[in-house]
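Structure first, then comments.
The values are calculated or read from the model by the stated rules, or taken from the named source; none is laboratory data. Note that this is a predicted model, so its numbers are computed, not measured. Heads up, the Cβs are rebuilt from the backbone with ideal geometry, glycines too, and the neighbour counts pull from every protein chain shown. Areas reflect the complete protein model, heavy atoms only, side chains present, ligands, DNA and RNA absent. Shrake-Rupley method; radii C 1.70, N 1.55, O 1.52, S 1.80 Å.
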Amino acid sequence: MSAASVIAGGGAALGIELGSTRIKACLVDAANPTTVLAVGSHEWENALEDGVWTYSEDAVWAGLQAAYADLVADVRRQGAELTDLAGIGVSAMMHGYLAFDADGTLLVPFRTWRNTSTGAAAAELTDLLGVNIPLRWSIAHLHQAILDDEAHLASLAKINTLAGWVHEKLTGRFALGVGDASGMFPIDASGGYDRDRIAAYDAHAAGFLAGRSLVDLLPEVLPAGADAGTLTAEGAALLDPSGVLRPGAVAAPAEGDAGTGMVATNAVAPRTGNVSAGTSIFAMVVLERPLERVHTEIDLVTTPAGDPVAMVHCNNGASELAAWASLFARFAAASGQSLTTDAVYETLLREALEGAADAGGVLAYNHLSGEPIAGLDEGRPLVVRTPDADFSLANLMRAQVYGVFATLAIGMQTIADEGVALDAMFAHGGVFRTAGVAQRFLAGALDAPVTVGDTAAEGGAWGMAVLAAFAAARAGALPGTQDADDAASARHDPSPEHPADLATYLTDGVFAGAASVTADPQPADVAGFADYLARYRAGLAVEAAAIPALPLRGIRSSNEGTA
């Protein structure tokens, strides 16, 4: 069936992901999500307002509409019109703090994951709850607001993540996928908020809660494939102000970008893991057993199905690499040799292969913002070398790619020390589009095989579209499979058209026969990266000294590209 026929027949599933520098929309055949029917995107950037990294409310809705309109333009170029969807889902950058009153009015500007002002709250809660509470988590932001006695708390009725907020506006449901919810507050084995820890927090914050429970402020938790509502008439109009899109699409539970990255790489089963590289970089390892100790380097979150995951999250990923690529692109243009972005990356990354295994003594720190794993509250991107270093383009670029992975490697060592078993590590993100470079270096950094599939560059929007297709299939909403009246019973009576669990759906369906390439670690790369990382760790003292010595110049926005 042609793409136009699938779209016209209402057989498409839409995934939208609000990333740090781009909002992406991906339309797939809901019956065969490997078939991408159309894509759209909109670039945006966070702003530093009064010391808070944020996106304005207007920017969220304008960006959402712009990304959708760009996708519709792609649909129309194929001679089709997008009027009905089988499924829809929203994902976004995880964590952060969105606070609302009883009428749904946003009380303070969105506080994103990049803000590192919650140290006192995170430390207090880690001690109270007996589990690592990272600076980024929603409960850390809420508790810091309590510690700071912020005025908006008097009107606070609920808090949410960015994905959960958009989902609520599209469907009317105050609900969230378990993977994203696990970045708000710890999840227990039941797949809901940890009841014992909720009780501990309720007692600890009784003065603020005033008879309420923390659960009263948090969205309902749902696993992948659960009933998360449908696209309402108001939601359709918000997404498509032209009025062409009709309501009724089955909505998947909203998810975080970590969860959609796991879906996009088929890393949702125990003993699998993935690395997602973008503005931030993080690794997710699905656990067979709980970790033995509390580690501040590791977040305990879940897959979209609710399985426990050890997450190593680094605030700084490929944005500094992108800045260097932009600089060299401008140099090429100034010399009369204009190159596409992909060509610039191809040239620079291929050159990195010619560098020394330890980058010749050149160090690159990609810290545009604070980096908790490195003990940094702020960031100062640096290139550092000694006079006897071999300063060449090849070594500079290898150092830059190593710099993307360095802090991640520090955190991953903690997982290795816990004896966590890992059979397969997958990677995705734009930096892996140039075959055989970043993938090879990551294998050396982790001293483990790294697999990149055909979907590696599609990213989270495609992963969310797959989750939307999964939800539509479980609800019996695919054209020609089942009447809507029977959808509820399908969730309890699995069949090929109504899959029982996410891991089976991905492995036996979406990724069956999918092409991939695995890079084994090369001994020279392993040894070279180890030498690089030892110097990198020592050089963190230089990075730390740069923060007070070089205060910010008052620039109020970041303009970070992605690889």
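Summary table below
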{"read-out": "Count of residues meeting criterion [open to solvent by 10 Å² or more (accessible area, probe 1.4 Å) and of a type outside the set (D, E, K, R)] in the stretch 135-150", "value": "4"}
{"read-out": "Subset of the stretch 278-301 (residues that are within 10 Å of the chain's Cα centre (by Cα) and either modelled with pLDDT of 90 or more or of a type in the set (S, T, Y) (or both))", "value": "T279, S280, I281, F282"}
{"read-out": "Within the stretch 342-369, tally of residues that are over 17 Å from Y536 (Cβ atoms) and in contact (Cβ under 8 Å) with a residue 60 or more places away in the chain", "value": "7"}
{"read-out": "Single residue of L153, L162, L176, L129 found to be at pLDDT 95 or above, surrounded by 24 or more Cβ atoms within 10 Å (Cβ to Cβ) and farther than 18 Å from G306 by Cα", "value": "L162"}
{"read-out": "Residues satisfying the stated conditions in the stretch 46-103, i.e. in a strand (DSSP E or B) and either of a type in the set (A, V, I, L, M) or more than 19 Å from the chain's Cα centre (by Cα) (or both)", "value": "A47, L48, E49, V52, G87, I88, V90, A92, L98, A99, F100"}
{"read-out": "Residues that are open to solvent by 30 Å² or more (accessible area, probe 1.4 Å) and not in a strand (DSSP E or B), drawn from the stretch 7-26", "value": "A8, G9"}
{"read-out": "Failed item, numbered, when F511 is tested on (1) open to solvent by less than 70 Å² (accessible area, probe 1.4 Å); (2) hydrophobic (A, V, I, L, M, F, W, C); (3) within 20 Å of G361 (Cβ to Cβ)", "value": "(3)"}
{"read-out": "Members of the stretch 27-42 that are in contact with an Asp or Glu (Cβ under 7 Å, 6 or more places away or on another chain) and open to solvent by less than 30 Å² (accessible area, probe 1.4 Å)", "value": "L37, A38, G40"}
{"read-out": "Residues that are small (G, A, S), in contact with a Ser or Thr (Cβ under 9 Å, 6 or more places away or on another chain) and crowded, with 19+ Cβ neighbours inside 10 Å, drawn from the stretch 418-464", "value": "A427, G429, G430, A443, G453, A456, G459, G460, A461, G463"}
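Matching residues to (1) open to solvent by less than 20 Å² (accessible area, probe 1.4 Å); (2) of a type in the set (S, T, Y):
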| residue | (1), (2) |
| --- | --- |
| A254 | yes, no |
| T265 | yes, yes |
| P270 | no, no |
| L287 | yes, no |
| E297 | no, no |
| A305 | no, no |
| H313 | yes, no |
| G317 | yes, no |
| L321 | yes, no |
